[in-house]
Amino acid sequence: MRRLYLLLIMFCTMPAWADNHDQLYKVAGWPEQRAHFNDALTAAQQRYSNSLPPAVFQALVNNSNKRFAAQAMDNRAEGKLRQTLADPVPALTFFDSPLGHKIVAAELLATRKDQLAKNAQGLPHIQASDDRVLLIGHLATALPAREAGAEVSLAIAGVAADSLSQMIPGLLGAGQAQGMLDGQRQRLMQQISSELPNTLLYVYRDLSDLELEEFVTFAESAEGKAYYQAALAAIRAGLAVGQTGTGG
């Protein structure tokens, strides 16, 4: 009887620990980053309140709240990660290590609303050795930071364009809004590229050179490339990039 009871307990709890994609999603800090995005969304909505007519602003709030609802974003992002990353174990092993925890903590700190407000006028310039600058250069190439940063920045603008089109039909012709966003996406990526080395030096400032080198090794490995490629796809899915309207 005791053996049967133990088997039942194992069977009932297995889904909680057997789903490596779900564990990776949590260990790598995705739910917290989504929460930080929602904080930024609220701040952006308030900024738009001063520049849009009340009806358009309300449409923006309604549309963005629906498109960026927390559970819907998590479902889309985790679903895409699951679909795109065939083997989550290497990334899970890395991010569940002491170094991985340190990296995730640094990334979560950088995107907290108090830190974003603190650095709203720009990050301090970080002095670093030639070796560290070289490592950061490798990391800047390996991480999809330009693309991800542009998508996050454009997320609210995309909803604003949809809301204007919804409230004032014909204001933006077919494909015009998307063309504007695509042009802005390229400009944002160029801007992010110029600032990226100093940004990464700042975000990962508490990593030692050896830890940074280990991070670069993972990011440049086949397993790391697979994870970050899937991560970018998951970010785009979470933000509903390319989807018109508000359906999630």
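None of D182, D209 is at pLDDT below 95 and among the acidic types (D, E) except D182.
Within the range 17-39, restricting attention to residues that are among the aliphatic types (A, V, I, L, M) and modelled with pLDDT of 95 or more, the residue that is surrounded by the fewest Cβ atoms within 10 Å (Cβ to Cβ) is A35.
Quick test for you: out of G137, G122, G149, pick the one residue that is out of contact with any Ser or Thr (no Cβ under 8 Å at 6 or more places or on another chain), of a type in the set (G, A, S) and farther than 22 Å from L212 by Cα. When all the criteria are applied, what remains is G122. Pairing each residue of the range 50-76 that is in contact (Cβ under 8 Å) with a residue 60 or more places away in the chain with any residue that is in a loop (DSSP other than H, G, I, E, B) and β-branched (V, I, T), provided the two are 6+ apart or on different chains, yields C-beta distances under 7 Å for N63/T246; K66/T246; R67/T246.
Restricting the first member to the range 206-233 and to residues that are surrounded by 14 or more Cβ atoms within 10 Å (Cβ to Cβ), and the second to residues that are part of a helix (DSSP H, G or I) and at pLDDT below 95, the beta-carbon pairs closer than 9 Å and six or more apart or on different chains are A231/A148; L232/E147; L232/A148; L232/E151. Within the range 93-127, the set of residues being part of a loop (DSSP other than H, G, I, E, B), surrounded by fewer than 17 Cβ atoms within 10 Å (Cβ to Cβ) and at negative phi comprises D96, S97, R112, N119, A120, Q121, L123, P124, H125, Q127.
Residues are listed down the side, and each one gets a yes or a no for (1) outside any helix (DSSP H, G or I); (2) out of contact with any strand residue (DSSP E or B) (no Cβ under 7 Å at 6 or more places or on another chain); (3) closer than 30 Å to S221 by Cα; (4) of a type outside the set (F, W, Y):
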position: E32; (1), (2), (3), (4): no, yes, yes, yes
position: A40; (1), (2), (3), (4): no, yes, no, yes
position: N50; (1), (2), (3), (4): yes, yes, no, yes
position: A91; (1), (2), (3), (4): no, yes, yes, yes
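Scanning the range 40-92 for residues that are in contact with an Asp or Glu (Cβ under 9 Å, 6 or more places away or on another chain), among the hydrophobic types (A, V, I, L, M, F, W, C) and exposed (fewer than 15 other Cβ atoms within 10 Å of the Cβ) yields a single hit, V89.
The values are calculated or read from the model by the stated rules, or taken from the named source; none is laboratory data. Since the structure is predicted, the reported quantities are computational estimates derived from the model, not experimental observations. Cβ coordinates were reconstructed from backbone atoms using ideal geometry, including for glycine residues, and neighbour counts include every protein chain displayed.
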